[in-house]
Structures are given as C-alpha cells and as structure tokens.
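What follows is a single structure, written as structure tokens, with notes after it.
The values are calculated or read from the model by the stated rules, or taken from the named source; none is laboratory data. All values derive from a computational prediction rather than experimental measurement. Cβ placement follows ideal geometry from the backbone for every residue including glycine, while neighbour counts extend to all protein chains displayed.
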Amino acid sequence: MSNENRPKSSHWADINAEKIVREKGKKEHYTCASGITPSGTVHIGNFREIISVDLVVRALRDKGENVRFIYSWDDYDVFRKVPKNMPKQELLETYLRKPITLVPDVLGKCESYAQANEKNLEALLPIVGVKPEYIYQASKYRTSEYADGIKKALVNRDLIRAQLNESRTTDLPADWYPVSVFCAQCDKDTTTVTGWDENYGVSYKCESCGNEETVDLRKTPAVKLPWRIDWPMRWAYEGVDFEPAGKDHHSEGGSFDTARKTSLEVYGHEAPVTFQYDFISIKGRGGKISSSTGEVVSLIDVLEVYTPEVTRYMFAGTRPNTEFSISFDLDVLKIYEDYDKCERTYFDKPESPKALKKWEKQARIYELSQVESVPEVMPYQIQIRLLSNLLQTFSGDVERVIDFLGDVKPEQIDKLKAKAQCAWNWVKNFAPEDFKFSLKADGVALLAVSEVEGKALKSLAGKVEQFMDSSTEKEFSTHLYDVARELEIESSDFFPVVYKALIGKEKGPRLISFLYIIGKDKLVSLLGKY
C-alpha cells in the first residue's frame, strides 16, 4: 500500500518509529536490534521482543525509511545450566562454564548446541514474516573483531566500575577488570584476570586447570566483555538506533540504565530509543516459560494452534508494556473471532469521518498482522467454532470441509486450509473434552434405547430422507419437533438421544445445523437402523 493510502493511526509501532526519526535525526538508514542467548529453546516470551522490533521496523519502512534489522545470537555466553528436556545430561554437564558455542548438539543435527537452537528459530521466523540479519557473537569474539572495543573498556575501567557501583549494594573491588576470559586450555570461564599491560595484553589464571598466560586481544578468541559492557559496546559498534528490552532490564539500576551511561561516556554513542515490554503467560497448557530448564512454549507450539497472521495479531494488537496470555483453551475461539472481526473491518472501509477514525486503528493492526502484504481479496470468513465442528464431523478432512462449504474462492483456499489445520490441531490436542466429538462409524453397536426412543430415531430417519433435501434448516426444524410431539417425548429428552445416537454424547453442536452438516445419507444410515 502506498504511503498516501496507508491507514493513519496512533498504533504504538508507528509512534515509536516517529520517535526514532525525531530523536536520532534524519539518517541514510536506521539500525534496529534484538537478540538473545541460545541457552535453550527460544520461548514465546523471547519472541515478543523479536516481533516487537519487527513491527517497529515495518512502521519505519512504511514511512519510507531504510532500515537494518539485526538479530544477535549471544552464543559466546556461558553454558550455565543443562535443560531438563535434553538427552545425555551427564555429557552436557561436562560443558558447564564453557561457551555455548562449544557445547555439542546432542540431538546430532548441528555443529553445536547453540547452533541447533539458532537454526530452529531461524527456520520459523520467515513463517511469521520476520527476516532479520543474523549476527553470531561467538564468531565476532573468536576472530577478535571487538579487540578495540574491549581495549576501550579496559582503558575506562575506573569509569565503568563507578557506573556499575551506582546500582550495586556492594562495590566492585579496585582490582576488578571489565573483561571475562575463557581459559585457552580447558575453555572454562573459571579464570581471574591478573593484569593488563595498558595496551592489548591481558593476563589471567584459570582456577580449574591452573593455566596461566598473557593473551593479545587482537589475536585471542578467549576474551570477551561481560553483558553489561558488551551490550553498549555493540550499540556503538553497530550504530544501534532502537532496541527494546524486558522489564527486568528496564528496572531501576538494571542493565539498560548502566548500559546507557557506558554507551555514551565510554563508547561515545547515544543509547538507542527503547521501550519496555512485559511478560507473556500461557493459559490452558502446562509448562513454565524457561529456556534454561527446557520447560517452554515456543513459537512452533503457538503456530500449531494459531495461523501466522493471528500470531502476529496477538502482538500487533497489544501494547508491548501490557502483559497478556497466549491461550490454548477455549479462549482460542475468541482470539480467532477477534481477528476475523478486525479483518472484516479492514475490508469494509467506511466513509463518514467519525467511523473512519475507528476503522484506521483496526486497519493498521490488521495490516501489521500480515506476513507479507494485505491480501487483495478478503480471506474466507468462517467462525472458528463452526470450522472446528465441521472438521470433527468430517474426521479432520479439510478437503471435505471445503467441498461442504461450496463457496470458497480459489484464491481463498490456502489460507482457509492453514486455518483449518490449526483448528484441527487445537481440537485434537487442547480442546476441552465436552467440546470434542466424533461421528459414529457405520457398523458400531446400536445405542441402548427404550422402545419409544428407538421409534423416535427411526421416525427422524424417515423425516430426513423425505424432507431434508427440499427444506431449509428452519423448515426442517418443524419436522424434528413433529417427531417428538407425535411420540409424546419432550424435546429436552429427545435431543440427547439423537446426539447419543450420532456422537455418543448427550450434547453437541446446534442440532439442526449439525444434521445438515452430517447430511442425509449418513443420517439415514445411522438412525434408520433403530
């Protein structure tokens, strides 16, 4: 969509894009950053930062700005804890205190444990329209690309120590150095820096293996900066203009506070524009979000139930500083209904100024929810509850569902299939038991019924065969009630018998509509045997 036709809104992504341009001034390009340590499966809470940056990147590009979107894998961090969900626990424990880039991939797919976690996410992000430039920090450090940045920290170590002490309860000792070292002999970070030659030489001693040596920052892969100094050094190195952070980093005296000072006073770079994003909880599914333990809900788990567009919608439609839940219970239905309503709103642009203002807000959310561009034709609209019922009636056969609907345009099929697959995954794996059902197969033993109930079912089969093809649902409902009246059965007693004969449960989808979904032939086959 061209800029002049773009929905005007006060969406938080657009507000932050304007803030970046205003505070950083007009530039040839703006650099937006995100990143994480691949210490385990990247969970959906981590994804909130990635998608938040992506939404701001899109808002900047929509303003006509050039943007570099970088995603840093902090794979030279220390391997501190073995996730519980990983095999070969004893082997992995031997790599504790070493850089994660050296930990083997015990699943045997990649060169390292870190790379396995990286590649898993990198394969998923394009599915939701996120395509950053990846930076692997282990490679940067191990090729000594940051030698001058590390030296600058050493030169300014007294200043950095004073900055860090402002947020500490106990001051750092006078002989503290703003670097950490992985021992060249055992690869562990169990080292103590013993000296610096005020140039590129750093001396250390390893507590684990006793190794002592002096290394040259320009030639060694061993030395790196601790997180609170590494972060601002990279802001300056990459020229970062925008990077959000979680509320733990944004707390008073947190890493963003100290990084802001170090970035400006040591590296001469004004800290990036930022905002705080809140945590995400999971509803309707067990599991605590924690990469280090392996007990996580990741992006692939969410995409099992939500289409890429609805996944983006949950984040685009929620301010980053608001906590919200990603649901796997019945709330899934409401989230899809909200998205469908937003979609209908987008394709039904009003003319009155008052209505247009409300439309612009929803239109912008819908636009940012799309993986690529907004579709030219509105995707097929079907309530997720009805779609779930159709899928259960047809045993998950998406093609039969599409045939039953009968009015799906060719250009709508792919998105409908994706929605149907997510709906079926939800029904099978997460829907409450009282929501689930399956149509009885031919040949299954008949329901034990009273004589009058059997007559009622047989009579209903006759009504179906005689009237269903020539009647609307409303018209046929009179025949359904006629059966109950003729045999003097209360409808409140009759309907449960019909459901039990069809699905083995006393309740199910709205009965009249359900009969029409099942169809005449199947109904006669199931009910006519009584």
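Looking only at the range 376-420, how many residues end up being assigned to a loop (DSSP other than H, G, I, E, B), at pLDDT 95 or above and farther than 30 Å from Leu526 by Cα?
5
As an exercise: evaluate Leu460 against (1) farther than 22 Å from Asp403 by Cα; (2) in a loop (DSSP other than H, G, I, E, B) and give the number of the one condition it does not meet.
(2)
Could you run through the range 481-496 and say how many residues are assigned to a helix (DSSP H, G or I) and within 10 Å of Ala456 (Cβ to Cβ)?
Restricting attention to the range 481-496, the residues satisfying the condition of being assigned to a helix (DSSP H, G or I) are 481-486, 491-496.
Adding the requirement that they be within 10 Å of Ala456 (Cβ to Cβ) leaves 483-484, 486, 493-494.
So the answer is 5.
Can you tell me which of Pro38, Pro7 is at pLDDT below 95, crowded, with 21+ Cβ neighbours inside 10 Å and in contact with a Phe, Trp or Tyr (Cβ under 6 Å, 6 or more places away or on another chain)?
Every option except Pro38 fails the conditions.
For the range 206-219, check the following and say yes or no: at least one residue is surrounded by fewer than 19 Cβ atoms within 10 Å (Cβ to Cβ) and hydrophobic (A, V, I, L, M, F, W, C). Steps first, answer last, please.
First pass over the range 206-219, keeping only residues surrounded by fewer than 19 Cβ atoms within 10 Å (Cβ to Cβ): 207-216, 218-219.
Keeping just the survivors that are hydrophobic (A, V, I, L, M, F, W, C) gives 209, 215.
Yes - at least one qualifying residue is present in the range 206-219.
Among residues belonging to the range 232-254 that are surrounded by 20 or more Cβ atoms within 10 Å (Cβ to Cβ) and farther than 20 Å from Asp54 by Cβ, point out the one that is nearest to the chain's Cα centre (by Cα).
Across the range 232-254, the extreme among qualifying residues is Pro232.
Test each condition in (1) surrounded by 18 or more Cβ atoms within 10 Å (Cβ to Cβ); (2) in contact (Cβ under 8 Å) with a residue 40 or more places away in the chain; (3) over 16 Å from Glu166 (Cα atoms) for Ile229 and report the one that comes out false.
Going through the list (1) surrounded by 18 or more Cβ atoms within 10 Å (Cβ to Cβ); (2) in contact (Cβ under 8 Å) with a residue 40 or more places away in the chain; (3) over 16 Å from Glu166 (Cα atoms), Ile229 breaks only (3).
Select from the range 301-321 the residues that are of a type in the set (S, T, N, Q) and modelled with pLDDT of 95 or more and list them in ascending order.
Initial filter on the range 301-321 (of a type in the set (S, T, N, Q)): 307, 311, 318, 321.
Across the range 301-321, the qualifying residues are Thr307, Thr311, Thr318.
Looking at this structure, is Val296 outside the structural domain of Thr41 (by TED's automatic domain parsing), touching a strand residue (DSSP E or B) at 6+ places or on another chain (Cβ under 7 Å), in a loop (DSSP other than H, G, I, E, B) and buried (at least 21 other Cβ atoms within 10 Å of the Cβ)? Even if it seems obvious, please write down each step before you answer.
Working: outside the structural domain of Thr41 (by TED's automatic domain parsing): no; touching a strand residue (DSSP E or B) at 6+ places or on another chain (Cβ under 7 Å): yes; in a loop (DSSP other than H, G, I, E, B): yes; buried (at least 21 other Cβ atoms within 10 Å of the Cβ): yes.
So Val296 fails the test.
The rows are residues; the columns are (1) of a type in the set (S, T, N, Q); (2) outside the structural domain of Ile51 (by TED's automatic domain parsing); (3) without any contact (Cβ under 8 Å) to a residue 60 or more places away in the chain; (4) buried (at least 21 other Cβ atoms within 10 Å of the Cβ).
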residue: Lys334; (1), (2), (3), (4): no, yes, yes, no
residue: Glu337; (1), (2), (3), (4): no, yes, yes, no
residue: Lys341; (1), (2), (3), (4): no, yes, yes, no
residue: Lys354; (1), (2), (3), (4): no, yes, yes, no
residue: Lys357; (1), (2), (3), (4): no, yes, yes, no
residue: Lys361; (1), (2), (3), (4): no, yes, no, no
residue: Arg364; (1), (2), (3), (4): no, yes, no, yes
residue: Glu367; (1), (2), (3), (4): no, yes, no, no
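On the given criteria, is Glu309 in contact (Cβ under 8 Å) with a residue 12 or more places away in the chain, of a type outside the set (Ser, Thr, Tyr) and in contact with a helix residue (DSSP H, G or I) (Cβ under 9 Å, 6 or more places away or on another chain)?
Details: in contact (Cβ under 8 Å) with a residue 12 or more places away in the chain: yes; of a type outside the set (Ser, Thr, Tyr): yes; in contact with a helix residue (DSSP H, G or I) (Cβ under 9 Å, 6 or more places away or on another chain): yes.
Yes: the conditions hold for Glu309.
So which pairs qualify, if the first residue must be in the range 158-182 and in contact (Cβ under 8 Å) with a residue 40 or more places away in the chain, the second must be of a type in the set (Gly, Ala, Ser), the Cβ gap must be under 7 Å, and the two must be at least 6 apart or on different chains?
Ile160/Ala153; Ser167/Gly253; Pro178/Ala153; Val179/Ala153; Val181/Ala222; Phe182/Ala222
Only one of these is in the same structural domain as Arg80 (by TED's automatic domain parsing) and among the aromatic types (Phe, Trp, Tyr): Tyr204, Tyr136, Tyr200. Name it. Before you say what the answer is, go through the steps one by one.
Numbers: Tyr204 fails: in the same structural domain as Arg80 (by TED's automatic domain parsing); Tyr200 fails: in the same structural domain as Arg80 (by TED's automatic domain parsing).
On inspection, the qualifying residue turns out to be Tyr136.
Considering only residues that are surrounded by 16 or more Cβ atoms within 10 Å (Cβ to Cβ) and either in contact with a Pro (Cβ under 6 Å, 6 or more places away or on another chain) or closer than 30 Å to Arg260 by Cβ (or both), which ones fall in the range 181-200?
Val181, Phe182, Asp189, Thr191, Val193, Trp196, Tyr200
Are any of the residues in the range 212-235 touching a Cys at 6+ places or on another chain (Cβ under 6 Å) and of a type in the set (S, T, N, Q)? Outline the logic, then answer.
The first filter runs over the range 212-235 and keeps only residues touching a Cys at 6+ places or on another chain (Cβ under 6 Å), leaving none.
Within the range 212-235, not a single residue is touching a Cys at 6+ places or on another chain (Cβ under 6 Å) and of a type in the set (S, T, N, Q).
Output yes when any residue across the range 113-129 is surrounded by fewer than 19 Cβ atoms within 10 Å (Cβ to Cβ), under 22 Å from Val240 (Cα atoms) and aliphatic (A, V, I, L, M), and no when none is.
no
Limited to the range 249-280, what total is found for residues that are in a helix (DSSP H, G or I) and of a type outside the set (S, T, N, Q)? Lay out the reasoning, then the answer.
Looking only at the range 249-280, we keep the residues that are in a helix (DSSP H, G or I), and these are 255-265.
Filter once more, keeping what is of a type outside the set (S, T, N, Q): 256-257, 259-261, 264-265.
The number of residues fulfilling the criteria is 7.
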